[in-house]
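Below is one structure, written out as structure tokens; the observations come after it.
Readers should treat all values here as calculations from the given coordinates under stated rules, not as data from a laboratory. From a predicted model like this one, the values you see are computed outputs, not experimental measurements. Here the Cβ positions follow ideal geometry from the backbone for every residue, glycine too, while neighbour counts run over all protein chains shown.
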Amino acid sequence: MRLILNFEPLLPWPLTISLALALVLVVALVAWQRLRGAMFRAAACALLIAALFNPVLLRETRDRLPGIVTLITDESPSQTLDGRDDQTEAALAALRERITALGQFDIREVRAGADAEADGTELFSALTGAMDDVPPGQIAGAIMITDGIVHDAPEAAADLGFEAPLHVLVTGREGEADRRIVLHRAPRYAILGEPQTIDYRVIDPTLAQGERVSVTLRIDGEPVAVDRVGVGETRTMEIPIDHAGRTIVELEVEAASDELTLDNNVAVAVIDVVREHLRVLLVSGEPHAGERTWRNVLKSDAAVDLVHFTILRPPEKQDGTPINELSLIAFPTRELFSEKIDEFDLIIFDRYQRRGVLPILYFDNLARYVRDGGAILLAAGPGYASGTSLYRTPLGTILPAVPSGGVVEQPYRPGVTPTGRRHPVTRDLPGDGAPPSWSRWFRLIEADAIAGDVALNGPDDWPLLVLSREGEGRVAMLLSDHAWLWARGFEGGGPHGPLLRRLVHWLMQEPELEEEALTARTAGRDLVVQRQTLAEDVPGVTVTGPDGEPQALTLVESAPGLWRALLEDAALGLHRIENGDLTALAHVGPANPREYQNVVSSTERLAPLVEETGGGITRLGPPDSIAIPRIVAVSERAPAAGKGWIGLRRSQATVLRSVDRIPLLSGLLGLALLIGGFAALWYREGR
């Protein structure tokens, strides 16, 4: 019960205060003149002022609200090590029982730290969320059960948002040891062909500084090198990068005896490798309407460095023009096709035919260039069907289409073959349908495909686009010179941009356009596996997780040439996916999660914050003999922790049940006091 004196004036407050001030001035004037009976006048005026203010005594009946205790349970991956989860559950059950036995507190339980996408253990954000709707006077305290590995601890207790003791019960055992490898610097992006390095360090508190251990380097799952490094020394290792796309680099230190976990013995770096410049040589055999189409497509790609030569005057043309006036610069045939041929990623021959500009020896160089990993695109014109065809040079040994000698001169719409609908170059071309919605072409060079895949065809199923591999390189043949009709918008045009860009990048071996490819990516905790193939059916894939256990997944065709499988709630860590001869790697969760960077339990990390709040931090002890501190209820200003015990603040919050209102100067009592006061004043004045 609580008593409160309240005032409920009979007149408005301004008028009441004005009358009270007037009476005070009268009393002051009487007292200043020292008139007899001043005390009686003052008493009478005081009663009148009190009556004007109408004092009321409020008697409140309140019930004290229970204190709110928040129990934060750490469910992060490090809590599964060395029996810590058993310690946690045992401590949690004991805390529930002891807090409930006090009868003064309500418990709010929050399990936190299990979010796989979070980079580290976040317990304090969960604590703040649990306390948001609790009045400050009702907060009795918070108790955390954790191994001490917390990554969102505030700098000071003032940042917690409440004033109550924070107690921490630490799982784990004394004297834990664990070996780990730490990446200090690793590139996120890299340029193909440029050397890359990684800085790392091995930490092992059980070994002397500088003692040697073995570290294995793996790239895309394949062992590359083994290094002997000293414990505690920062080491730099060079990383060979030999392909574009995503490269996964692993550094694994040999395991020690009695380690808490082997997950932090491996450091992973995911590097996206790009080509700095794609060097393309475009040789146009003669000026024609489609020449600028190739140039525009290539120049629109900022990554392409284009070298373009057009043969304006064939050797057989005799018009008396001096040799030194035929071009601005001499055609550097020796430099381009002998000395620097390997510097180009792609060579395009656009309506080129053999006219003696290039010696036969250089076509041998071109064939060797392709077999060693280069790429050639032949955009054929009528000359390919003639006696001056490039097929009649040493380059013909790598070309996938043999000219028959005929040229089709009739309108037709390029069609996507069944193989082309599965090929990444021609799959899902805008406008593809039955029939296609793009415009017609009017010329096709008759040829028989003897190698590779026919992606587009023309009238009478003559091959139009043939894609082939030769040795380490690639060859593509577009058996028409009318792609420019799509670029000019003839009859609505067609998808010349997507088609030609995909074609160029496929020739330069961009990973996304591989027709036979196995890739994997993550979507949260899910692992998405994709198989790209020209085959009509593919076997399932095998996924080997961080625990080394293989798991079979069935692939389902989601689009022509695309097969997918989904592994839900995949384990954190590196996964290896295999399908026949193809292998892919994917990492679920952060590449090097902070959770595993140091898994040794500690009472020191949270000790300063706990001490600032007035709480206590203790170790639970071995799982078979957990020592839970006594729990007592303490007042607001009393200590909240001591040896073997922790305290919870009694709640200062109450809820109002009833209010009794007792007027002090109203009714008969007030009237009697006023009459008595003025009667005494009249009696005194009468004397």
Original post:
Quick one: net charge of ARG371's neighbours, Cβ under 9 Å, K/R +1, D/E -1?
Top reply: -2
Original post:
Hey, quick one: spin label on ARG212, modelled 7 Å out along Cα-Cβ, who in segment 245-268 has an amide N within reach, i.e. under 20 Å?
Top reply: 252-257
Subject >> Environment charge at ILE145 (Cβ cut-off 13 Å; Lys +1, Arg +1, Asp -1, Glu -1) >> reply: -3
**OP:** Just the number, please: percent antiparallel of the DSSP beta bridges in segment 278-507, rounded to the nearest 5.
**Re:** 45 percent
**OP:** Using label points projected 7 Å from each Cα along Cα→Cβ, tell me how many nm separate VAL224 and THR397, to one decimal.
**Re:** 3.4 nm
Subject >> Per-q log10 I(q)/I(0), segment 278-507, q = 0.09, 0.18 Å⁻¹ (Debye; single scatterer per alpha-carbon; no solvent) >> reply: -0.35, -1.48
**OP:** Please report the relative contact order for the chain, taking Cα pairs under 8 Å with a sequence separation of at least 6, and give it as a percent rounded to a whole number.
**Re:** 17 percent
Original post:
Under the Kirkwood approximation for Rh and a Cα-based Rg, what ratio Rg/Rh is obtained for the chain?
Top reply: 1.29
**OP:** Beyond 21 Å, what share of the Cα-Cα pairs of segment 188-286 is found? Please give it as a whole percent.
**Re:** 44 percent
Subject >> Rounded FRET efficiency, nearest 0.05, which uses the C-beta distance separating ALA114 from ASN6 and R0 of 56 Å >> reply: 0.60
**OP:** In whole angstrom, note down how far apart the Cα centers of segment 176-196 and segment 348-409 are.
**Re:** 46 Å
Subject >> Sites TYR189 and ALA93 - FRET efficiency at Förster radius 60 Å, r taken between beta-carbons, to 0.05 >> reply: 0.75
Subject >> Gained length - GLN33 relative to ARG525, 0.36 nm times residue gap less alpha-carbon distance >> reply: 167.9 nm
Original post:
So what's the angle, to the nearest 10 degrees on a 0 to 90 scale, between helix 13-33 and the longest Cα principal axis of the chain?
Top reply: 40 degrees
Subject >> Amide H contacts of ALA633 (H built 1.01 Å from N, under 5 Å, at least 5 apart or other chain) >> reply: LEU648
Subject >> Protection proxy ranking, peptides 614-620, 295-301, average beta carbon neighbours within 10 Å, highest first >> reply: 614-620, 295-301
Original post:
What list of ³J(HN,Hα) values in whole Hz, one per residue of segment 253-270 in order, does the Karplus curve 6.51 cos²θ - 1.76 cosθ + 1.60 (θ = phi - 60°) give from phi, with Gly and Pro shown as x?
Top reply: 8, 4, 6, 9, 7, 6, 7, 5, 7, 9, 5, 8, 7, 10, 10, 10, 10, 9
Subject >> Within the chain, percent of DSSP bridges classed antiparallel, to nearest 5 >> reply: 65 percent
Subject >> Residues listed by number, segment 625-646, amide nitrogen under 19 Å from THR100 label point at 7 Å toward C-beta >> reply: 628-633
Subject >> Residues of segment 244-259 with amide N under 11 Å of the 7 Å Cα→Cβ point at THR197 >> reply: none
Subject >> In sequence order, calculated HN-Hα J values of segment 134-144 (Karplus, 6.51, -1.76, 1.60; Hz; x Gly/Pro) >> reply: 9, x, x, x, 9, 6, 8, x, 9, 10, 10
Original post:
How many angstrom lie between the C-alpha centres of segment 524-549 and segment 415-433?
Top reply: 24 Å
Original post:
What does the charge add up to near ARG212, with Lys and Arg as +1, Asp and Glu as -1, over the other residues with Cβ less than 14 Å from its Cβ?
Top reply: -1
Original post:
Could the peptides 449-455, 336-342 be put in order, highest first, of the mean number of other beta-carbon atoms found within 10 Å of their residues?
Top reply: 449-455, 336-342
Subject >> Positive-end extreme of charge dipole, the chain - chosen from LEU25, TRP441, LEU609 (charges on Cβ) >> reply: LEU25
Original post:
Using a Förster distance of 30 Å, how high is the FRET efficiency between ARG630 and GLU155, based on the Cβ-Cβ distance and rounded to 0.05?
Top reply: 0.45
Original post:
What is the set of long-range amide H partners of VAL224 at a cut-off below 5 Å, with H atoms built 1.01 Å from backbone N?
Top reply: LEU217, ARG218, ILE219
Original post:
By average Cβ neighbour count within 10 Å, what is the ranking of 539-547, 246-254 from highest down?
Top reply: 246-254, 539-547
